[in-house]
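Everything below concerns the one structure shown next.
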Amino acid sequence: MLSYQQLKHHPRALRTFTGLDQAEFEKLLTHFAMAYHAYRYDQHVTKKSRKRRYGGGRKPRLDFMEDKLLFILMYFKVYPLQEVLAFLFDTSQGRVNEWIHHLSTVLKMALGKAPMLPERDPKNLEQTLALCVAVDCIIDGTERRIQRPQNAIEQQEKYSGKKKAHTVKNNLIIDLEEWFVRYRSRTVAGRMHDKRLCDEEGYTFPPGCVLLKDTGFQGFEPDHVCTYQPKKKPRGQELSPDDKAENKMISSIRILVEHVIAGVKRCRIVHDIFRNTKAQFDDLVMEIACGLHNLRATLRYAI
């Protein structure tokens, strides 16, 4: 059976399996253990429908806390089939499915305690950004491919003309100074335009904030915010040298958001075609992937 005790002596293998170094893993493990005990007490120990005392029945294969964390991090980072995880951790596919959904919730709770999760409520966005070291930020949308829905109406809603595939989408707001995902929108169908999602959620920013955006957000001009967007080439004309220089400067700064999104998508579960079908799980995994990126950014790139 695969275990943390085996992997911790092989740093490259540990990072490949989990996306974290040993120090990062053990820092997260502290919060994960507290979150797991709180989750277990709430969902199992005090459960009113229990027919026997907690701890009865068969014993779990993932007995140690570090192995539980290894299991769920490996699922997010590598995104293997459940049968593969069942073989590696010497259990059944059904038990793997059960652990995935339980431990995903625990991992989210742990990242929330850290705290590493992005803000979700647009009403709190202004307050969240006001607490940052700098109020310079970048907004961008990111899409994730999903399996082709069976329902014809859902197929049409989730078909992205940009990606030529069925996708779901989120808007991310990135802290330019700390490489942090400060805000993540709700998960919507890939057909929805980036700006329309902004308008529906009603983002507000601190006065004096600098916001960089791409042409997908053309027309999005929040109050008391200085926005920068590359200029489009007029039809049948060329951009002036000054406009080209300005576009180059904006793009050289905006590339940061692509690096952050790439960091989020180190988790193959938000990079590969999403296979899970449980309701709202596509939203949960994106939140956890952003939290794991924020954890790495905090520990690796802290000034």
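The values are calculated or read from the model by the stated rules, or taken from the named source; none is laboratory data. What you see is a predicted model; the values in this text were computed from it and never measured. All Cβ positions, glycine included, derive from the backbone under ideal geometry; neighbour counts span all protein chains shown. Protein only, heavy atoms only, side chains kept; ligands, DNA and RNA dropped before computing areas. Shrake-Rupley method; radii C 1.70, N 1.55, O 1.52, S 1.80 Å.
Taken over segment 242-289, the residue count meeting the criterion of being of a type outside the set (Asp, Glu) and either assigned to a loop (DSSP other than H, G, I, E, B) or in contact with a Pro (Cβ under 6 Å, 6 or more places away or on another chain) (or both) is 13. Looking only at residues of segment 187-218 that are small (Gly, Ala, Ser) and not in a loop (DSSP other than H, G, I, E, B), we find that the one that is nearest to PHE281 (Cα to Cα) is ALA189.
Looking only at residues of segment 219-237 that are outside any loop (DSSP other than H, G, I, E, B) and out of contact with any helix residue (DSSP H, G or I) (no Cβ under 9 Å at 6 or more places or on another chain), we find that the one that is least open to solvent (accessible area, probe 1.4 Å) is VAL225.
Of all residues in segment 193-215, those that are in contact with a strand residue (DSSP E or B) (Cβ under 6 Å, 6 or more places away or on another chain) and surrounded by fewer than 17 Cβ atoms within 10 Å (Cβ to Cβ) total 1. Set side by side, the residues LEU20, LEU28 differ, and just one is within 25 Å of the chain's Cα centre (by Cα), part of a helix (DSSP H, G or I), surrounded by 20 or more Cβ atoms within 10 Å (Cβ to Cβ) and at pLDDT 95 or above, which is LEU28.
Among the residues of segment 4-43, those that are touching a residue at least 24 places away in the same chain (Cβ under 8 Å), more than 21 Å from ASP63 (Cβ to Cβ) and among the small types (Gly, Ala, Ser) comprise GLY19, ALA23. Close contacts from segment 209-236, counting a first residue that is under 16 Å from SER251 (Cα atoms) and a second that is surrounded by 16 or more Cβ atoms within 10 Å (Cβ to Cβ) and among the acidic types (Asp, Glu), with Cβ to Cβ under 6 Å and a gap of 6+ residues or different chains, come to VAL210/ASP136; GLY216/ASP194; PHE217/ASP194. Does LEU88 qualify as being touching a residue at least 40 places away in the same chain (Cβ under 8 Å), open to solvent by less than 60 Å² (accessible area, probe 1.4 Å), closer than 30 Å to ARG191 by Cβ and not hydroxyl-bearing (Ser, Thr, Tyr)? In short, no.
Starting from residues that are of a type in the set (D, E, K, R) and at pLDDT 95 or above, keep the ones in segment 158-186 and report whichever is farthest from HIS259 (Cα to Cα).
Within segment 158-186, the match that is farthest from HIS259 (Cα to Cα) is ARG186.
Take ILE100 and tell me if it is surrounded by 13 or more Cβ atoms within 10 Å (Cβ to Cβ), among the β-branched types (Val, Ile, Thr) and in a strand (DSSP E or B). In short, no. Scanning segment 47-80 for residues that are under 19 Å from SER92 (Cβ atoms), modelled with pLDDT of 80 or more and open to solvent by less than 60 Å² (accessible area, probe 1.4 Å) turns up LEU62, ASP67, LYS68, LEU70, PHE71, ILE72, MET74, TYR75, PRO80.
Of the strands (runs of 3 or more DSSP E) contained entirely in segment 110-186, those carrying at least 2 residues that are buried (at least 16 other Cβ atoms within 10 Å of the Cβ) and among the β-branched types (Val, Ile, Thr) fall at 136-145, 165-175.
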